[in-house]
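The values are calculated or read from the model by the stated rules, or taken from the named source; none is laboratory data. Just so you know, these numbers come straight off a predicted model, no measurement behind them. Here the Cβ positions follow ideal geometry from the backbone for every residue, glycine too, while neighbour counts run over all protein chains shown. Heavy atoms of the whole protein, side chains included, go into the accessibility calculation; ligands, DNA and RNA do not. Shrake-Rupley method; radii C 1.70, N 1.55, O 1.52, S 1.80 Å.
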Amino acid sequence: MANSSAAAVEAALCQPPNGTRTDTIVIGSGPGGSTAATILAEAGRQVMMLEEGCYHRQGKFPAFGRAELEACWRRAGMTVTVGSRPINYVEGCCLGGGSEVNSGFYHRLPEAVAARWRSHYRVAGLEDESLLQLQEENERDLNIAEAPGAVQPASQLLAAGAREKGWACRPIKRWHRYDNDYQPLAPGGVRQSMSETFLPRFGKAGGQIVTGCRVQRITPVTGGWRVQALVDGREIHYRAGQLVLAAGAVNTPALLRASGIGNRIGNSLRMHLFARIIAEFDEQVNSPDAGIGPDQIEQFAPRLRLGCAASTPAQLALALTHAAPSWLTSHRQCWQQRAAYYASVSGGRGWVRMLPGGEPTVFYRISRQACYDLADGIRYLAAALLAAGARKVLPVLAGAPTITSSKQLWQLPRPLPPAKSLLSSVHLMGSCPMGEAGATDSFGRLPGVSGLTIADASLFCDSPNLNPQATVMTLARRNARYLLENSRSDG
């Protein structure tokens, strides 16, 4: 299956000559771009997809390792916000986008969030019945599954701690196909990313994929759009009647602003903020291939979500360097007994700007409430992990105390001091929000701009504080169909 998927993707890779014209150009190949492009191509449209990164087969690199960071993440994962406290945020930069490198957790858009977007932001096309149908179609196209056996020990312990505290906790399903030799410390299998699912379909439907293509400007012209890009260092342009922007919550507004298009673009960026804690147990809970466990504590959602974090030896060492260098002396001997966990909150607001030099810059201001919520999340995690048998826990805060008993939890700071925290984010959204008072209409179209649709997390009205990729795909599927229906009616 993997080989046939790769063959279909590789057959679609091409370098069309300068001046090529097509029906539709999709900029970006993550979950939004791949879903929209495939829907359009399978409906008979000529579609060209432009992706800044390169194509790498699934499994080529160890997950969350240095090689993957350098090959598949923008700036090797070293992107930070500007503000009172820098926040490290990461974006996929490869064919398939973030779906190729993330943990693959699958969350439907909660009914309460959809209702809020409908009522407060006046977003059409999210009625319960239509939303359910879109989500079910996504799930048929992906292999949404639970692990076939016992989950990773670090995840089991988190769930055990939640049970001891009487808190709601459940394993989250993934986009994943598991091998027959599944083992908790080395689950194996293949992430059902865009390069394994939608992109092979896109190639079989006649779609063209241009990798290594950095789009610099889009310009409306008679009959459509002109796209100016750099391909292998050469300036080149393409023409299309329709554009679909799916470059992500940073690069979509950055491209629009660089092109002088749209109002209220890039002024309302949201992100999920992650703070971490490290727990050490008597038994082995970690291995080089353990991955990220699926259990999440949902007792405090949506204000707080608590779960397992990436715990490679290098990532643990980086966190310990920041928080407690004294733990590093035993790291080589003890890392298999250690695992990282996260507390995730929504809080603050940011904006995207293009500075001299052509690179987008993200400014972000953390809210005071987010600092209180993160402090509560760290405290709850520490309590659960100690209840599950951790012999000590360490918040990833500069100068943080090592906690060995629940009686010491009072030592944890509240609110969380941003200046001492190693905060990060993998979920960015909301920079071009949809709705009556947003940057776009309900279907991702900019007012007064013909032939352009947005199909990524930029469209979110606010932050749902859960993995956004299933919602991105739902919106992209809906918007692509709306585009097709309008095209037929216009014809």
What net charge is computed for the residues neighbouring ASP295, neighbours being all others with C-beta under 15 Å from the C-beta of ASP295, Lys and Arg scored +1, Asp and Glu -1? +3
Using a basic spin-label model with each label point 7 Å from the Cα along Cα→Cβ, how many nm lie between ARG217 and GLU10? 3.8 nm
How much of LEU386 can a 1.4 Å solvent probe reach, expressed as accessible area in Å² and rounded to 10? 30 Å²
Convert each backbone phi in the stretch 43-60 into a coupling constant with the Karplus relation 6.51 cos²θ - 1.76 cosθ + 1.60 (shift: θ = phi - 60°), then list the ³J(HN,Hα) values in order as whole Hz, x for Gly and Pro. 8, x, 6, 7, 10, 10, 9, 10, 10, 5, x, 10, 9, 9, 5, 4, x, 5
In whole percent, how big is the carbon plus sulfur part of the accessible area of the chain, probe 1.4 Å, protein atoms only? 50 percent
Given R₀ = 56 Å, what would the calculated FRET efficiency be for TYR372 paired with ASN18, taking r from the Cβ atoms and rounding to 0.05? 0.55
Rounded to whole Hz, the Karplus (6.51, -1.76, 1.60) HN-Hα couplings of the stretch 445-455, x for glycine and proline: 9, 7, x, x, 10, 8, x, 9, 10, 9, 9
Determine the per residue accessible area of the chain with all protein chains present and a 1.4 angstrom probe, expressed in square angstrom. 39 Å²
So what is the 222 nm mean residue ellipticity for the chain from helices alone, if each DSSP H run of at least 4 adds -39500 (n - 2.57) and you divide by all residues, rounding to the nearest 500 deg cm²/dmol? -9000 deg cm²/dmol
Enumerate the calculated ³J(HN,Hα) couplings along the stretch 12-19 in order (Karplus 6.51 cos²θ - 1.76 cosθ + 1.60, θ = phi - 60°), each rounded to whole Hz, writing x wherever the residue is Gly or Pro. 7, 5, 7, 9, x, x, 3, x
Of the listed values (1) 130; (2) 138; (3) 166, identify the label whose number matches volume of the Cα convex hull per residue in Å³ calculated from this model. (2)
A student applying the Cα gyration tensor rule (rounded when a/c is under 1.5; otherwise prolate if a/b is larger than b/c, oblate if not) would label the stretch 37-136 oblate
According to a simple spin-label model (label point 7 Å from Cα along Cα-to-Cβ), what is the distance in nm between LYS60 and ARG170? 3.7 nm
Based on C-alpha coordinates, I'd like the Rg and Dmax of the stretch 260-325, in Å. 17.3, 58
What distance in nm separates the two pseudo spin-label positions at ALA398 and GLN46, each 7 Å out from Cα along the beta-carbon direction? 5.7 nm
Would you kindly state how much longer the chain becomes between ARG116 and ASP289 on full extension, computed as 0.36 nm times their sequence separation minus their alpha carbon distance, in nm to one decimal? 58.3 nm
Taking Cα pairs under 8 Å and at least six residues apart, what relative contact order does the chain come out at, in percent? 22 percent
How big is the dipole moment of the chain about its Cα centre under a simple scheme where the beta carbon of each Lys and Arg is +1, that of each Asp and Glu is -1, and everything else is neutral? Debye, nearest 20, please. 1240 debye
Residue order for ASP23, ASP373 - accessible surface, 1.4 angstrom probe, largest first: ASP23, ASP373
Please report the antiparallel percentage of DSSP beta bridges with both residues in the chain, rounded to the nearest 5. 75 percent
Name every cysteine in the chain that ends up alone, with no second cysteine's Cβ under 4.7 Å, or say none. CYS14, CYS54, CYS93, CYS169, CYS213, CYS308, CYS334, CYS371, CYS432, CYS461
Let me know the shape class of the stretch 377-426, please: from the alpha-carbon gyration tensor, a ≥ b ≥ c as square roots of the eigenvalues, rounded when a/c is under 1.5, otherwise prolate if a/b is greater than b/c, or oblate. prolate
How far is helix 469-490 tilted off the main Cα axis of the chain, in degrees rounded to 10, range 0 to 90? 10 degrees
With +1 at each Lys and Arg Cβ and -1 at each Asp and Glu Cβ, the charge dipole magnitude of the stretch 1-132 around its Cα centre, to the nearest 20 debye, comes out at 380 debye
If you take the beta carbon distance between PHE363 and GLU137 as r and set R0 to 41 Å, what does 1/(1 + (r/R0)^6) give as a FRET efficiency, to the nearest 0.05? 0.65
Sort the following peptides by mean Cβ neighbour count (other Cβ atoms within 10 Å, averaged over residues), highest first: 187-195, 260-268, 167-175, 287-295. 187-195, 287-295, 167-175, 260-268
For THR321, tell me the accessible area in Å² from a 1.4 Å probe, rounded to the nearest 10. 80 Å²
So, taking all protein chains as they sit and a 1.4 Å probe, how much accessible area belongs to ASP141, in Å² rounded to tens? 50 Å²
Among TYR372, TYR341, GLY399, which residue has its Cα furthest toward the positive end of the charge dipole of the stretch 252-402, with +1 on Lys/Arg Cβ and -1 on Asp/Glu Cβ? TYR372
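Ranked from the most accessible area to the least, with a 1.4 Å probe and all protein chains present, what is the order of ASP181, ASP376?
My answer, sorted largest first, is ASP181, ASP376.
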How would HIS427, HIS272, HIS322, HIS120 rank on accessible area, largest to smallest, probe 1.4 Å? HIS120, HIS322, HIS427, HIS272
Once SER330 and SER405 are pulled to full extension, the length gained, defined as 0.36 nm per residue separation minus their Cα-Cα distance, is 24.9 nm
Let me make sure I get this right: for the stretch 438-491, a, b and c are the square roots of the gyration tensor eigenvalues over alpha carbons, sorted descending. Under 1.5 in a/c it's rounded, otherwise prolate if a/b > b/c, else oblate. Which is it? oblate
